[in-house]
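Here is the structure we will look at, set down as structure tokens.
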Amino acid sequence: MSALLWGLIALPLAVGALLTAAGRYADCAAPVVAVACATATFGLAVAVAFRHPTAEAPLLENLPVRLAVDGLSGLMVVTVAAVTTVVLIFSVGDIGHGESRARFFGLMLLFSGSMLTTVTAATLPVLMMAWEVMGATSWALIGYWWRDPARGRAANTAFLTTRAADLGLYLAAGAALASGQANSLALSELPHTADPWLSAITAGVIVAALGKSAQLPFSFWLSRAMQGPSPVSALLHSATMVVAGAYLLLRLEPLLTASGWGGPVVAWTGAATAVLLGLVAVAQNDLKQLLAASSCAQIGFMVLAAGTGAVTGGAAQLMAHAAAKSLAFLVAGVWLSTLDAKTLPALRGAARRHRTAGLAFTVSALTLAGVPPLSLWAAKDLLLAGALAQSSWLYAVGLAAGVISAMYAVKALWFVWRRAPVADGRRPTGSEALPLVLLALACIGLAVLAVPPVREAVARVLGTTTEPVPVAWEFVLSGALALIASAVVWIRGTPTMGALWKDWLHLEPGVRRLLVRPTDRLARALAAFDDRVVDRTVDSAAHGVLALARWTDRRIEKDVDAAVEGVASATRTLGRWARRPQGGQLHQYLAQAVAAFTALAIALVFVR
């Protein structure tokens, strides 16, 4: 069975790498190859989700490459593979023949493959490798139209922000090694380490996860990521990088519990993000910016679930949000390409012109709003039951975030369903319409995850049968609030929001002022110190050494040469003297022997 697991991650990674390397030569075949690869990967994902295989290969001593599929990762690999398949089918019609299609489809497969590896990673080294590939491919996809400098800068901002947070994983790995209790760096061993290493590991994981999932205070990078193509946004926001952090927190929920403080910190951060970024979404007039802010807010619910131990609700929220958000972004892409409009005032009447896209977007928006009986309504109550079990305040904040969800979702609906003249551009192709229909059905059908006996079955698969479950009044309350908020916004419109909310809480300017500029100043000061002190010191030392060498050559080298020459001359003289008694004449040797013995005899006489 391990062959299935190796195939699950190797297939998209290998095909994606080949397409990316082939470049324009494979543009014609790339869409067919990519869709076939994604479909086969989806089949492998379904197979491993049922069989729960493990796989292992040597990497470093005591640090093997280890992959595993359990209940949570099984649901996740199916979600990732399914969303990837429908997004790639949509991209066949959306990414034109004049563009580098092989590079696009190759990068999308690499992106998906790295997410599948992240999901199935059982050790920190594998997780970190997949984490890095995912960050690199997201940078390449956000900056896909790299000839536009603004898109390149947006990709750099997103990449550098997430990379800064990724340092948390390195901190966690270092702490795990230093503890000596998690020698294999297996994720399952991390909760068993002792303090202070346990707190260091928990802090590192939380920072990396919040950065990847665009939670406060890292949320602003997701606004910049909107510069990429719509299919990239659909995949990135729904099933890959942006949900990777939330998935990691759900997977490491035992670590948060073991630390004692990790759960509350994560729960309140997720709740605050759901409320504040929800208000940011309400303030937006650009559809893609509204959807981006709503991604932060909706993923905040998953982070809240991880912090309260409501893993079943978090997983249900993740799957339902994947369907709704990928559908919303794909429809936004359709309108962007057919109507060349992305602001809400410019999209008035768009849903009336293209009914398939309009109805699909309606299903997506009502799902995001939490309107019954759609999937996010039920999933949200599953995770809010966990919040209620821990704190009534946390539950109230979650309900408020749900009301805000209805506000921004219905605001978008209000604009696209208004009667207004809209230029009638091209209609969506068949390859674009089919994914919209499939995802809309998923938004409706995934509501069964919260209904017994499916809910109990999912809990058994996840091993979370002891988690709190919502009672009837909780479903009624959240559904009623969503309907009332939706009706109020539809009738009276959304309130006017200030510049603070439209500019994403001024997070990016704040980070630039508090971190980037001081870092730049420090870098410039260090560069000046390097040029004026370190470099000059090295140069001065070199000049001093050269001067010393010249002085030595002039003053000492001659004396040394003279001394050496004198020793050599004396040695030669001694050699000549030593050769004189050795003339080869026997009579001379006899005379020398007689003289020597005579001297010896005289000496003996005198000594005695």
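The values are calculated or read from the model by the stated rules, or taken from the named source; none is laboratory data. Just so it is clear, the model here is predicted, and its values are computed rather than measured. Because the Cβ atoms are built from the backbone with ideal geometry, glycine has one as well, and the counts that use them run over all protein chains shown. When the accessible area is computed, the model is the full protein with side chains, heavy atoms only, and any ligands, DNA or RNA have been set aside. Shrake-Rupley method; radii C 1.70, N 1.55, O 1.52, S 1.80 Å.
At-a-glance table
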quantity	calculated
Gyration tensor (alpha-carbon) shape descriptor, the range 65-204, a/c threshold 1.5	oblate
Efficiency of FRET from Cβ geometry, residue 153 and residue 359, R₀ 30 Å, rounded to 0.05	0.25
Principal-axis tilt of helix 2-22 within the chain, Cα atoms, nearest 10 degrees	80
Peptides 53-60, 213-220 ordered by average Cβ neighbours within 10 Å, highest first	213-220, 53-60
Extension gain from residue 562 to residue 574, taking 0.36 nm per residue of separation minus the Cα-Cα distance	2.5 nm
Where labels lie 7 Å past Cα in the beta-carbon direction, separation of residue 429 and residue 97 in nm	0.9
Spacing of the two label points (7 Å from each Cα toward its C-beta) at residue 39 and residue 195, in nm	5.6
Residues of type aspartates and glutamates that residue 411 reaches as a straight line, Cα spacing below 15 Å, ignoring anything fewer than 8 places off in the same chain	286
Shape category assigned to the range 1-65 from the gyration tensor of Cα positions, a/c cut at 1.5	oblate
Portion, in percent, of the accessible area of the chain that falls on carbon or sulfur, probe 1.4 Å	67
Net charge of neighbours whose Cβ lies under 15 Å from the Cβ of residue 390, counting Lys and Arg as +1 and Asp and Glu as -1	-3
Förster radius 35 Å - calculated FRET efficiency between residue 21 and residue 526, Cβ distance, rounded to 0.05	0.35
Length added when fully stretched, residue 594-residue 164, from 0.36 nm per residue minus Cα-Cα	145.1 nm
Helix-derived mean residue ellipticity, 222 nm - over the chain, DSSP H n ≥ 4, -39500 (n - 2.57), to 500	-24500 deg cm²/dmol
Cβ crowding within 10 Å averaged over residues, with 403-409, 566-572 ranked highest first	403-409, 566-572
Å² per residue, accessible surface of the range 267-324 at 1.4 Å	11
Net charge contributed by nearby residues that have their C-beta within less than 15 Å of residue 251 (K/R +1, D/E -1)	-1
Per-residue HN-Hα couplings for the range 510-520 [Karplus 6.51, -1.76, 1.60; θ = phi - 60°; Hz; x = Gly/Pro]	x, 5, 5, 6, 8, 10, 5, 5, x, 5, 4
The range 307-322 - phi-based ³J(HN,Hα) in whole Hz, Karplus 6.51/-1.76/1.60, Gly and Pro as x	x, 9, x, 8, 5, 5, x, x, 5, 5, 4, 4, 5, 5, 5, 4
Accessible area expressed per residue, the range 499-602, with surrounding protein chains retained (probe 1.4 Å, Å²)	83
Cut-off under 5 Å, modelled amide H: who pairs with residue 286 long-range	344
Helix 149-179 vs. the chain, principal-axis angle (Cα, 0 to 90°, nearest 10)	70
Contour minus Cα-Cα distance for residue 538 and residue 3 (0.36 nm per residue)	186.8 nm
Ratio Rg/Rh, restricted to the chain and using Cα atoms, in which Rh is the Kirkwood radius	1.33
Estimated distance in nm for a label pair at residue 602 and residue 472, the labels positioned 7 Å out from Cα along Cα-to-Cβ	14.1
Residues with amide H under 5 Å from that of residue 59, placed H, sequence gap 5 or more	65
Phi to ³J(HN,Hα) by Karplus 6.51 cos²θ - 1.76 cosθ + 1.60 over the range 575-592, Hz, x for Gly, Pro	x, 5, 5, 5, 7, 4, x, 10, x, x, 9, 5, 5, 5, 4, 5, 5, 5
Packing-based order for 366-376, 294-304, using average beta carbon neighbours within 10 Å, highest first	294-304, 366-376
